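Structure first, commentary second.
The values are calculated or read from the model by the stated rules, or taken from the named source; none is laboratory data. Nothing here was measured: the structure is a model prediction, and the numbers come from that model. All Cβ positions, even for glycine, are placed from backbone atoms using ideal geometry, and neighbour counts span all protein chains on display. SASA here: full protein model, heavy atoms, side chains in, ligands and nucleic acids out. Shrake-Rupley method; radii C 1.70, N 1.55, O 1.52, S 1.80 Å.
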Amino acid sequence: MTSFHHLGLPETLLSAIEDLGFEKPSEIQLESIPLLLTEETDFIGLAQTGTGKTAAFGLPLLSYLEAQPAKHTQALILAPTRELCQQITEQMQAFAKNISGLNILSVYGGAAIQNQLRALKKPQQLIVATPGRLIDLMERKAVRLDRLSHVVLDEADEMLNFGFKEDIDRILQNSPPSRHTWLFSATLNPDLKRIVEEFMNDPQEVRLSRPNEVNRLIEHEYALVMPKNRTEALCRFLDSEPNMRGIVFCRTKMDTQKLADELGQRAYRSDALHGDLSQVQRDRVTNKFRRHELQVLIATDVAARGLDVQDLTHVFHLNIPDDFAYYTHRSGRTARAGKTGVSMALISPRDEFKVNQLSKKLQIQFKNRSIPDAKDILRGRIRNWTDQILNTDTGKKKNHKLLNEVLDQLEDVSREELVHRMLILEFQKLRAHSDKDLNAFSEKRHTPRFSGKPMAKGKKNFRSNRSAGPGGKSKNFKKRFRK
Ligand code: AMP
């Protein structure tokens with residue numbers, strides 16, 4: 001196994017990486033770091049988000065910077081969004097924690113420029129910026145690019161999508177011709193190729209993945225549900241796996257807010273992230289999500305861009321985006337750092353053909369999931385509860401006095417009776433779900449070729465719609481436990 005120690009990084013950076021808990025380099029790091037450390041070259045890295053790009057360019061970049069006595073700005077990292085700038089800055093600061101005298105500043109739009117102007121009065125050897133705000137600061141003569149040795153364009157394709165093409169041109173035109181340009185992007189479209197031709201010098205290239213390639217650790221699933229039942233279906237999935245944590249993608253800001261309100265009314269730990277929120281509100285929501293205070297974030301594609309949140313078990317799509325690259329982007333929010341994750345589309349039967357198209361286009365297999373009913377949810381929750389009991393760390397010290405007191409109190413209750421009573425208490429904590437079957441008909445009425453869960457011929461993709469009334473099945477289930 002190649003470790004970071006084999007890549008030629010200085011000790012100051014190696015100890016910082018170790019403190020961050022990075023054990024082995026990711027593929028893009030393995031390919032890029034030795035090359036960027038040993039060759040003073042222009043560079044193109046083609047890799048998706050979440051592959052460890054920041055360290056791939058950030059660690060070599062730090063090894064080129066002179067913290068002292070040099071005080072001028074030596075390197076610039078451009079990124080499309082405020083969130084990404086903040087994340088890159090945080091990571092760079094963590095990598096650089098053992099380099100004294102090195103200042104790293106993040107400047108981006110949507111925040112007060114006065115604070116940034118003030119910070120720029122101090123020497124900042126590395127600036128991380130969104131292109132628009134940097135131009136603004138250049139015009140105010142607060143930033144000088146004339147002594148840059150490196151410019152990194154991160155998520156270059158996204159920067160062009162955001163309309164930063166002219167700003168990027170201007171920034172590169174104002175940087176010294178001797179500087180090196182490192183460009184990172186998921187794709188290399190014609191506009192980017194033009195930037196490469198115009199501003200880069202014989203770049204070395206590392207291509208990690210084909211454009212649009214989807215992380216193989218993601219399981220792709222879909223469930224058919226009529227639009228009017230979609231929120232309830234989502235709630236059932238959320239309830240069926242208590243450790244689930246994810247992002248729900250909606251098409252519009254309005255859909256996003258509406259769903260967040262509905263989930264809020266049902267007391268789910270959820271909130272919305274969309275373009276109508278102020279920057280302060282957006283920061284508050286993302287921070288709550290990062291701190292695990294929210295179970296789900298409901299977001300539009302644009303609002304979620306650049307959001308780096310780890311440990312997401314699920315991504316939900318409440319629509320299949322017309323541009324399939326968005327599907328890949330969304331799904332890539334889960335299954336990070338070697339973990340597995342589920343990307344699930346909750347769609348109406350008339351959109352099932354889009355799943356087929358996605359499957360062919362991205363060469364992924366979809367599993368057809370049915371929507372959990374009350375019994376499934378109850379089983380899932382109780383299984384989880386039992387696991388929790390079994391995995392509880394009892395610590396070294398037992399409080400024997402208290403334990404004996406409780407044991408005495410429970411002396412006359414059998415083991416079975418005790419578990420039964422504990423189950424009843426646990427049931428009371430669960431949300432009630434109606435017994436209504438929410439699985440919708442497949443319009444095609446045959447097993448899709450791409451389905452990971454083939455249905456028997458003639459068997460319908462839904463259970464009987466006969467309702468036992470609210471809580472019907474779960475009551476029966478409870479009764480069985482109560483006997
Ligand atoms: P990036 O693609 O640079 O945004 O990185 C995605 C996430 O993976 C970040 O939260 C990093 O801290 C984390 N990460 C990057 N490289 C490694 C690594 N070699 N080992 C573990 N985590 C990593």
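For this structure, a couple of remarks:
- Residue that is least open to solvent (accessible area, probe 1.4 Å) [pool: residues in region 22-46 that are in a loop (DSSP other than H, G, I, E, B) and within 8 Å of the ligand (Cβ to nearest atom)]: PRO25
- Checklist (1) in the same structural domain as LEU238 (by TED's automatic domain parsing); (2) open to solvent by 50 Å² or more (accessible area, probe 1.4 Å) applied to HIS400, failing item: (1)
- Condition broken by GLY50, with the remaining ones in (1) in a helix (DSSP H, G or I); (2) out of contact with any Pro (no Cβ under 7 Å at 6 or more places or on another chain) satisfied: (1)
- Spans of strands (runs of 3 or more DSSP E) in region 204-274 with at least 2 residues surrounded by fewer than 19 Cβ atoms within 10 Å (Cβ to Cβ): 204-207
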